[in-house]
Amino acid sequence: MDVTFFAAKNDCDFSSIEEVPESSILGGGNFTKEQIGDLLSCFKSASSALTDKLWLLPLNFSEELAIIDDEQLKNIAVHWSDEGSWGNININTMDLAGRLLEIKYNYLQHSDERIFVLFE
């Protein structure tokens, strides 16, 4: 499914991508909820599901993402690609690393906000 990471204040209640201001979008891709859950576990975090389609990511995920070294983030992408949620999918770890780096650098402009994930 299409997944969009975006930054917003705590009281966000968006239900579709059309509601998310373009300037708030951090990145995304085609991921399952289990894959996003596995990504969070790589950061030793868990999400808070606000609705079936909207997750609020924990503050420690946002804080660590903002300060993590790029090489460490690439290593997390490798670990993420080894998680069971990828099953028989031959995923390119550099593609995952690129997506994580995109989210990281876009988030730096919004570090006073929280990271949400919208599933569509």
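What follows draws every value from the coordinates through simple rules; no lab data is involved. No experiment lies behind these values; they were computed from the predicted model shown. Here the Cβ is made from the backbone with ideal geometry for all residues, glycine too, and neighbour counts use every protein chain on show.
Looking for something loosely packed, with under 15 Cβ neighbours inside 10 Å and in a loop (DSSP other than H, G, I, E, B) - is there at least one such residue anywhere in the range 24-44?
Yes - at least one qualifying residue is present in the range 24-44.
Anything in the range 16-53 that is farther than 25 Å from residue 82 by Cβ and either in contact with a strand residue (DSSP E or B) (Cβ under 7 Å, 6 or more places away or on another chain) or hydrophobic (A, V, I, L, M, F, W, C) (or both)? List them, or say none.
Once the filter is applied, which keeps residues that are farther than 25 Å from residue 82 by Cβ and either in contact with a strand residue (DSSP E or B) (Cβ under 7 Å, 6 or more places away or on another chain) or hydrophobic (A, V, I, L, M, F, W, C) (or both), the range 16-53 yields 17, 20, 24, 25, 48, 50, 53.
Could you list, in sequence order, all residues of the range 79-99 that are without any contact (Cβ under 8 Å) to a residue 60 or more places away in the chain and assigned to a helix (DSSP H, G or I)?
79, 80, 81, 84, 85, 86, 93, 94, 95, 96, 97, 98
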